[in-house]
4 protein chains.
Amino acid sequence: MPVSPSPSGPLGVAVLGAGKMGADHVRRVDRLIGGARVAAVADPHPERVASVAEEIEGCAAVTDPLAALDAEGVDAVLIASPGPAHEEALLAALDRGLPIFCEKPLVPEPEAALRVVEAEAKGGRPLISVGFMRRFDAEHQRLKALLDADELGVPRLLHCRHRNLAVHPYFTEAMLITDSVAHEIDSARWLLGQEITAVQVHRPTAALPDHTGLHDPQLVVFETDGGVVVDVEILANGGFGYQVQTEAVCARGTARIGEDHGLMTNTAGRWGGEIAQDYLTRFADAYDRELRAWVDAVRHGTTVGATSWDGYAVAAVSAAGVEAQRTGRRVPVALAPRPARP
Amino acid sequence: MPVSPSPSGPLGVAVLGAGKMGADHVRRVDRLIGGARVAAVADPHPERVASVAEEIEGCAAVTDPLAALDAEGVDAVLIASPGPAHEEALLAALDRGLPIFCEKPLVPEPEAALRVVEAEAKGGRPLISVGFMRRFDAEHQRLKALLDADELGVPRLLHCRHRNLAVHPYFTEAMLITDSVAHEIDSARWLLGQEITAVQVHRPTAALPDHTGLHDPQLVVFETDGGVVVDVEILANGGFGYQVQTEAVCARGTARIGEDHGLMTNTAGRWGGEIAQDYLTRFADAYDRELRAWVDAVRHGTTVGATSWDGYAVAAVSAAGVEAQRTGRRVPVALAPRPARP
Amino acid sequence: MPVSPSPSGPLGVAVLGAGKMGADHVRRVDRLIGGARVAAVADPHPERVASVAEEIEGCAAVTDPLAALDAEGVDAVLIASPGPAHEEALLAALDRGLPIFCEKPLVPEPEAALRVVEAEAKGGRPLISVGFMRRFDAEHQRLKALLDADELGVPRLLHCRHRNLAVHPYFTEAMLITDSVAHEIDSARWLLGQEITAVQVHRPTAALPDHTGLHDPQLVVFETDGGVVVDVEILANGGFGYQVQTEAVCARGTARIGEDHGLMTNTAGRWGGEIAQDYLTRFADAYDRELRAWVDAVRHGTTVGATSWDGYAVAAVSAAGVEAQRTGRRVPVALAPRPARP
Amino acid sequence: MPVSPSPSGPLGVAVLGAGKMGADHVRRVDRLIGGARVAAVADPHPERVASVAEEIEGCAAVTDPLAALDAEGVDAVLIASPGPAHEEALLAALDRGLPIFCEKPLVPEPEAALRVVEAEAKGGRPLISVGFMRRFDAEHQRLKALLDADELGVPRLLHCRHRNLAVHPYFTEAMLITDSVAHEIDSARWLLGQEITAVQVHRPTAALPDHTGLHDPQLVVFETDGGVVVDVEILANGGFGYQVQTEAVCARGTARIGEDHGLMTNTAGRWGGEIAQDYLTRFADAYDRELRAWVDAVRHGTTVGATSWDGYAVAAVSAAGVEAQRTGRRVPVALAPRPARP
């Protein structure tokens, strides 16, 4: 049963959260996406929500997320508030039968994520799309297509690099997994079509805690139920830019993405080019494509990209990863039984 | 004075031409571009126009381009018909005060192109945007930004490669210039901010006319009024794919675009990747961005990208290029005095 | 005390082993290296040794390695026989005070390797150079120089890829470590200037034993006494070529070697180039440089490249690696106390 | 009839010229090349020749090149003196029947070069090898092999880039051709197996004479008797390093050499690597291989690499290039009839 916005009009979207990510999504819905408009914005900071909403005609600005869900003309909801606020917003939106685009993480804790999965399942129709934007990145899609086409044979290893310029001082050791490696957890599962069954963390001690107190980088090794070993270098304060690279080692060859050679210069004794400085730059096109696909999907009564189950699985593997990080041991991952997809 | 479509509604676009390019643009306006809709499609082939228009609600399908301009709900026009049909459509649209997006070439003959420039100038406001899509390609924009920022010093040479998989049998020697190198004529002028003053063609004779009767490839050398030498390799039947590469040699370094290293594989004794096979694939994102920018510009009463003057200059340089190709000599280019920009 | 060959004449070298590697070294000493000549060749197969020696003027051909050491004009010895034969040959050469170039492994078993180290130490002067040729590869030397110059800060991770086209049917699971990863054990120690303290092997089960009975590829993770984590992908039957790549992740950046982009082609829809098919091709220049450096070193009474201690350490870490492979557990490495360098 | 050095001894080489290039060759013959030794060095500067010769046992140091040719133990001669001194040395060495390795240019003026060709022809056996070292560069050899194997079909265009960090203040406009592009003249002839028939120079005027008075860079376009068009970017004061790149555009694909990606770093917002700063670094291996091949060839009574005819052809094309540079016109090249190869 498709959502029915006013037949001739655009999809009215309530955006929860007016921080960096939320404001970026508001701009996207307002300026770049056909067939949608921002009907309401909610954020606990009154000035922030006002400044984001004021440039958009007919957009309600509220501090209570539930008020945004109930604002006039709201057909769907985009959740870009901090992770701890997600569960309440998700359950409220599910309760109202609203299609949801939820920025990652779905919900930080596995148990809570499972409650959301079950609430959606009870409703009888798929309503939740989770914002793992790599699924909409052109290079990731090319790699996925190559693996799906079985051109290189069975994948056996996946090497991943996830490098950040720098992280905020409040970034914790655990967030290396739950906030950063969470992306690789999702993309490895998606690229391989497999679930993760165990995780172990190798932590260089040459990486004495830096100024932010982090051991950085770390090498996180996953095992999947298809027998693939996935290693992830997570680097939080690399100092040189934002890089996301993946190489699949398959039975008949390897395939690699993530090296931008678009613009190359020769200057002052060096050849090379610039490294993107953040994910909003690197994945700008992916974010655009993702939201456009979501608006289309909502109009057709379905979801796109990662599902609530994916959101739960990432939360469960992340929790095991934090345990592995703490103990240095191999930690098995046991997922709950998967509810039937509504 | 901005165009005033029905205040709350999308911009109604009449698309002239329902061939490969026209149909692609219809799909773009209908599916990918916010704030616009296809109000009418015109094409001399009744079945073709019907098949393109039938999937779009409220879209008129006509065989007469002028009827499309006058159809209900038309706020602007997108010309994607063959070049020889452009002049009449442009003048009719200018006469009606309609904003125009015109696929390249503006008009094939320089004299006719100049008539269009003058007709627009008389109208007193800019109405014509010409579809040289490279101006909207991310890599070209990065190169342009680098040159504009003067990071590498004065540009002195521009090396260009324009390689096609294969061209249609009806492709003529002259079309190597007027249809293909026309893109480099525009992009060199745009990247450098200079006009072209002379052209010479070096034609390998090892390139005996191939099955299509072409001498292929050719090396076209331009001079600009800023003293830059621009060499263009045009390859029509390369057999390996579609490649567009540009390298600027400046006073303090060089910069190069056009090497796609997004997905690299190791297989069967070789490292490397796939080459895009055509321009619709290579420049898909640029076409999207271009039309989106045009719709925005029309709403703000202005134009984007190449102007009618750019369209005229390309036509004039192309004509000199064909003469240079025929004679083997250096042919000077003399542009008409430039009318004041309306 | 430098070796004293006949003052004006070339260094007389006895080559032990006339297999693939030995024959290659014979050719090198005979044709490419200034100041040396092959004085004797030994191999248990009479026809093989005869065919290798017959083209060289004044070269003795024997089946007993000890006879080669005692042949007329022998000033130094190059050991290229199979690993199990090394210990006897090394001890005999040390006993005669002959400078030795020994192909890797020094000796397969750590205990035996240690006996060789001690025998050399007793002799009071350095006589053994071990043939880990990567130390003479231009790219490895550039990476080493970069790390030594501390341009990128403290190394924290080392990612290594070691990929073979195919291995012989007699290749065993353990040989993945002792024969192949042995190179990374040496090069990681050399690049970092650190000893390895523990090893763990992650074995994809998607890599069901292939036709040769190997689980392939495997991910071997080392820890060093400097706190660096080194991961090595070892791929035995990759099917596409021979690739050796290393990336160091340091405090202020990363550095990578091992991507040959020397000759790039565009053909039939693909850009890219050929992958070297074996180590003799990939490291041809390194082998040349290595032997040339050895001849020079012998003339100056010293050794080059890896020492007998390096040979021992590689044997000890390899043995731990085989244990780690068998158990799936992290296995600590304990090296014997290091004798003073003679 | 092979040269007969003392049967068991090394080839005695007289090196003429003890400047940068000559000293480098002395070091090479002395240290890196098997089967040869420096028997004499000549240079008009007494201190320079003394300092180069003093470290070599039994090496005569003279100021008169003819005295070097006649020194004891001289079996062959290596000419590394300035171009204007070549003719006299070449004729004297030919007169003595000595094998000659002559650094480029053979002789600067085409008429004089032709006299040398004829003098060698009269002698009845090939004695002259000319030092165009690119013929011994691994990448150039791979490209040559690819073209010879006809894998890509008939070559039609050759794009060349020849970029220098900076040239000496005494470098003249004409030297851009005679000293620098001379390398491309030889390598294009060699790669294609064709003679050059015409040349034209496109000179950017945005390249106002720099501090050295040069118009720099320039685009030199050659035609060959096989109908290929060869364009060469010559850049004298590029400021970023030494780069030599060649791309062949053939009937079924393209092939490119000259991009060093051996060591790549990520640092401070940029990916990339270092550019070699000079030709001695970039072509170090080629110089080694070249001299080693020459010593081998001399022992077998033959020559290697470029012949005296190649030296003459480069001189003749260079002279036409200087004329083209001066006039801006297309200048045909007419070579003398080629004497039978002795």
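The figures follow:
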read-out: The range C:253-268 - phi-based ³J(HN,Hα) in whole Hz, Karplus 6.51/-1.76/1.60, Gly and Pro as x; value: x, 10, 9, 9, 10, x, 10, 8, 10, x, 10, 10, 10, 10, 8, 6
read-out: Long-range amide H partners of B:Glu195 with built H, under 5 Å; value: B:Asp225, B:Gly226
read-out: Per-residue average of Cβ from other chains inside 10 Å of D:155-162; value: 5
read-out: Kirkwood hydrodynamic radius of the range D:190-342, Cα pairs, Å; value: 18.7 Å
read-out: Alpha carbon centroid spacing (whole Å) that separates the range B:198-223 from the range C:127-158; value: 49 Å
read-out: D_trans [Stokes-Einstein, Kirkwood Rh over alpha-carbon pairs] for the range A:48-98, 25 °C, 0.890 mPa s, µm² s⁻¹; value: 209 µm²/s
read-out: Phi-based couplings in Hz for the range A:54-59 (Karplus 6.51, -1.76, 1.60; Gly and Pro marked x); value: 5, 7, 10, 4, x, 9
read-out: Accessible surface of the range D:24-142 [probe 1.4 Å, protein heavy atoms]: carbon and sulfur percent; value: 50 percent
read-out: Relative contact order computed over the range D:153-269 (Cα-Cα under 8 Å; 6+ residues apart), in percent; value: 39 percent
read-out: Calculated log₁₀ intensity ratio I(q)/I(0) where the Debye formula runs over C-alpha points of the range D:115-179, q = 0.16 Å⁻¹; value: -0.95
read-out: Ascending list, in nanometres, of distances separating the D:Leu208 label from those of the other copies (7 Å, Cα toward Cβ); value: 5.1, 5.5, 7.4
read-out: Span from the the range D:270-342 Cα centroid across to the the range A:1-80 one, whole angstrom; value: 69 Å
read-out: Inter-copy separations for A:Lys20, label at 7 Å along Cα-Cβ, nm, ascending; value: 4.4, 4.9, 5.2
read-out: Shortest-first nm distances, C:Gly193 label point to equivalent points in other copies (7 Å, Cα→Cβ); value: 5.0, 5.1, 5.3
read-out: Axis-nearest residue in chain A [Cβ, rotation onto D], distance in whole Å; value: A:Gly272, 1
read-out: Average accessible surface area per residue within the range B:257-342, 1.4 Å rolling probe, Å²; value: 39 Å²
read-out: About the Cα centre, charge dipole magnitude for the protein assembly as shown (Lys/Arg +1, Asp/Glu -1 at Cβ), debye; value: 0 debye
read-out: GluC sites (Glu not before Pro) restricted to DSSP loop in the range D:1-101 with at most 16 other C-beta within 10 Å; value: D:Glu54, D:Glu55, D:Glu57, D:Glu72
read-out: Sorted peptide list for C:243-249, A:19-25, criterion being average Cβ within 10 angstrom, highest first; value: C:243-249, A:19-25
read-out: Interface D:C - total buried accessible surface [probe 1.4 Å, Å², rounded to 100]; value: 2400 Å²
read-out: Alpha-carbon Debye profile of the range B:229-301, log10 I(q)/I(0) at 0.27 Å⁻¹; value: -1.20
read-out: Under the Karplus curve 6.51 cos²θ - 1.76 cosθ + 1.60, θ = phi - 60°, whole-Hz ³J(HN,Hα) for the range C:164-169, x wherever Gly or Pro sits; value: 10, 5, 6, 10, 5, x
read-out: D:Asp70-C:Asp24 FRET efficiency (beta carbon distance; Förster radius 51 Å; 0.05 resolution); value: 0.75
read-out: Kirkwood Rh, Cα atoms: Rg over Rh of chain B; value: 0.97
read-out: Ratio Rg/Rh [Cα only; Rh per Kirkwood] for the range A:86-214; value: 1.01
read-out: Mean projection area, nm², convex hull over Cα of the protein assembly as shown; value: 53.4 nm²
read-out: Kirkwood hydrodynamic radius of the range A:11-85, from inverse mean 1/r over distinct Cα pairs, in Å; value: 11.6 Å
read-out: Charged-residue dipole, Cβ positions (Lys, Arg, Asp, Glu), chain B about Cα centre, Debye nearest 20; value: 720 debye
read-out: Approximate shape of the range C:3-146 as ellipsoid semi-axes (Cα gyration tensor, √5λ), whole Å, largest first; value: 23, 19, 16
read-out: Relative contact order (%) - criterion: Cα under 8 Å, at least six apart; region: chain C; value: 21 percent
read-out: Approximate spin-label separation A:Thr281-A:Glu55, in nm, with each point projected 7 Å along Cα-to-Cβ; value: 2.0 nm
read-out: The range D:164-249, accessible surface, carbon-and-sulfur percent (1.4 angstrom probe); value: 56 percent
read-out: Residue-averaged [θ]222 nm for chain A, counting only DSSP H segments that reach four residues, each worth -39500 (n - 2.57); value: -9500 deg cm²/dmol
read-out: Exercise: per-residue mean of other protein chain Cβ atoms within 10 Å, C:279-290; value: 1
read-out: Candidates C:Ile56, C:Ile234, C:Ile185, ranked by Gaussian network fluctuation over chain C, Cα under 10 Å, top entry; value: C:Ile56
read-out: Residues with amide H under 5 Å from that of A:Leu78, placed H, sequence gap 5 or more; value: A:Ala14, A:Val15, A:Leu16, A:Phe101
read-out: Cα centre as origin, Lys/Arg/Asp/Glu Cβ charges: the range B:144-279 dipole, Debye; value: 320 debye
read-out: Test item: B:241-248 mean partner chain Cβ contacts at 10 Å; value: 2
read-out: Placed amide H near A:Gly131: partners under 5 Å, 5+ positions off or other chain; value: A:Cys102, A:Glu103, A:Lys104
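The values are calculated or read from the model by the stated rules, or taken from the named source; none is laboratory data. Since the model is a prediction, treat every value here as computed from it, not as a measurement. Ideal geometry is used to build each Cβ from the backbone, glycine not excepted, and the neighbour counts take in all protein chains shown. To get the accessible areas, we keep the full protein, side chains included, count just its heavy atoms, and leave off ligands, DNA and RNA. Shrake-Rupley method; radii C 1.70, N 1.55, O 1.52, S 1.80 Å.
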